[in-house]
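Report on the following structure.
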Amino acid sequence: MMRDATRTGVVLTDIRKSFGSLEVIHGIDLKITEGSFVVFVGPSGCGKSTLLRMIAGLEEVTDGEIEIKGRAVTDLDPSDRGIAMVFQSYALYPHMSVRDNLAFGLKMARTPEAEIEARVRAASAILKIDPLLDRRPGQLSGGQRQRVAIGRAIVRKPDVFLFDEPLSNLDAELRVSMRIEIARLHRELGNTMIYVTHDQTEAMTLADVIVVLRDGRIEQTGSPREVYENPANVFVAGFIGSPRMNLLAARWAGDGSVQVGAVRVPVSPEIGKPSGDKITLGIRPEHLLVSSAGEGMLQAKVDFSEYLGGTQFLYCQTDDGQSIIAEHRSPVPVDAGDTVHFSWDSAQLRLFDSAGIRIHGSQR
Ligand SMILES: Nc1ncnc2c1ncn2[C@@H]1O[C@H](COP(=O)(O)OP(=O)(O)OP(=O)(O)O)[C@@H](O)[C@H]1O
Ligand SMILES: [Mg+2]
């Protein structure tokens, strides 16, 4: 789908939120292109739900401005913002049929009967819930309930869909199929969607743009590929990816190399000298290749090995006592207790300075 980057779906300008005297959101600036799928990720308590609820109007902002489709909405009621929110808990009315659950918001807004009917029919066709319209929520499975909750958002024809961990109550298999349905929904409707999740796969597969939050601040905004391949700092490097990027304490050794324990590791010649000598070397588990011993290789002892069928995760300790995880795809198994040597493509190394910021040049 072509998106016009000049058309903004949602703009947040210096958003702050305090609960009592405690500030939990510390000045968030974010421009979301109309029609894009944006995913908020970050550790528990970093402010994802609070930010979403402020966009929805369910929580007042302490400071800052919110715009939706070019309209200032900061002081508007949730019902006047052109948004619809889907919660983790579904929040369906238990005593109403599915049909009435879908129609309820429209009835309250005094939408004409024929229009309500048309919208309910269209939404249930998209979500394939027509056979369920006369049941009550208690007579539905978790996945069906979540579909009704999404249907209730669709009938409102919002400009922006807001999702707060909508799939986290579902079992693993249902999560995968609902994830694909949400992706399809986005493709069909083309609305701006903002989605909060703890699930790395959901974030990577659904997002056009991932926003990584920590303690009420944005650490990085970028496409899934950008945040995965070129994390802005050690926090993002350690948060995105499962297992996360290996982060090894190292020292700048000059002449295009860094020292990790007793090993001198050549790095890209484009990398300029960082301000401090202490640096962090980042490398993803899939870029560590088990090799026969050689110059400039990390030697490590395997503590645990996890066999997952197509791949094997090796939990190791380097010679200088640092933890490292490698993804091993060779048919030749590696077992706990083995000593291994790792080689890598130096283009895959990421270096971070003593403040944890990625050093320019340590990227493709
Ligand atoms: N009503 C409230 N009163 C006081 N503090 C609150 C309130 N709601 C949230 N907070 C605090 O604000 C911070 C952000 O909470 P929020 O619910 O937005 O986090 P989150 O990123 O959604 O976390 P999770 O991943 O656990 O859902 C937390 O420190 C939380 O304790
Ligand atoms: Mg939350």
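The values are calculated or read from the model by the stated rules, or taken from the named source; none is laboratory data. Model, not experiment: these values are computed from the prediction. All Cβ positions, glycine included, derive from the backbone under ideal geometry; neighbour counts span all protein chains shown. To get the accessible areas, we keep the full protein, side chains included, count just its heavy atoms, and leave off ligands, DNA and RNA. Shrake-Rupley method; radii C 1.70, N 1.55, O 1.52, S 1.80 Å.
Give Gly45, Gly105, Gly27, Gly82 a once-over and let me know the one that is of a type outside the set (Ser, Thr, Tyr) and within 13 Å of ligand 1 (Cβ to nearest atom). Only one candidate passes the filter, namely Gly45. Among the residues of segment 1-35, just one is open to solvent by less than 50 Å² (accessible area, probe 1.4 Å), modelled with pLDDT under 95 and touching a Ser or Thr at 6+ places or on another chain (Cβ under 6 Å), namely Gly9.
Looking only at residues of segment 61-108 that are hydrophobic (A, V, I, L, M, F, W, C) and in a loop (DSSP other than H, G, I, E, B), we find that the one that is least open to solvent (accessible area, probe 1.4 Å) is Val73.
Evaluation of Leu51 against the conditions (1) touching a Phe, Trp or Tyr at 6+ places or on another chain (Cβ under 7 Å); (2) in a strand (DSSP E or B) shows that the sole unmet condition is (2).
Scanning segment 291-304 for residues that are modelled with pLDDT under 95 and open to solvent by 30 Å² or more (accessible area, probe 1.4 Å) yields Ser291, Ser292, Ala293, Gly294, Glu295, Met297, Gln299. Whether any residue in segment 206-224 is at pLDDT 95 or above, buried (at least 19 other Cβ atoms within 10 Å of the Cβ) and in a helix (DSSP H, G or I) is what I want to check. Within segment 206-224, one or more residues are at pLDDT 95 or above, buried (at least 19 other Cβ atoms within 10 Å of the Cβ) and in a helix (DSSP H, G or I). Pairs are defined by a Cβ separation below 7 Å, a sequence spacing of at least 6 or placement on different chains, a first member in segment 103-121 that is closer than 19 Å to Arg147 by Cβ, and a second member that is among the β-branched types (Val, Ile, Thr) and not in a loop (DSSP other than H, G, I, E, B); the pairs so defined are Ala103/Ile116; Ala103/Val120; Leu106/Ile116.
Just to be sure I understand the filter: pairs with C-beta atoms under 9 Å, separated by 6 or more residues or on different chains, first member in segment 332-358 and within 17 Å of Val258 (Cα to Cα), second member open to solvent by less than 30 Å² (accessible area, probe 1.4 Å) and assigned to a helix (DSSP H, G or I). Which pairs pass? Partner pairs satisfying both residue conditions: Arg350/Ala237; Phe352/Ala237; Gly356/Ala237; Arg358/Val236; Arg358/Ala237. Per the conditions (1) of a type in the set (A, V, I, L, M, F, W, C); (2) crowded, with 17+ Cβ neighbours inside 10 Å; (3) out of contact with any helix residue (DSSP H, G or I) (no Cβ under 6 Å at 6 or more places or on another chain), the sole criterion not satisfied by Ala253 is (2). Counting only residues that are modelled with pLDDT under 90 and either assigned to a helix (DSSP H, G or I) or crowded, with 18+ Cβ neighbours inside 10 Å (or both), how many does segment 169-184 have? The qualifying residues number 9. Taken together, the residues in segment 245-276 that are part of a loop (DSSP other than H, G, I, E, B), touching a residue at least 60 places away in the same chain (Cβ under 8 Å) and not hydrophobic (A, V, I, L, M, F, W, C) amount to 7. Being hydroxyl-bearing (Ser, Thr, Tyr), at pLDDT 95 or above, away from ligand 2 (no atom under 16 Å from the Cβ) and open to solvent by less than 70 Å² (accessible area, probe 1.4 Å), is that true of even one residue in segment 36-43? Yes, there is a match, as at least one residue in segment 36-43 is hydroxyl-bearing (Ser, Thr, Tyr), at pLDDT 95 or above, away from ligand 2 (no atom under 16 Å from the Cβ) and open to solvent by less than 70 Å² (accessible area, probe 1.4 Å).
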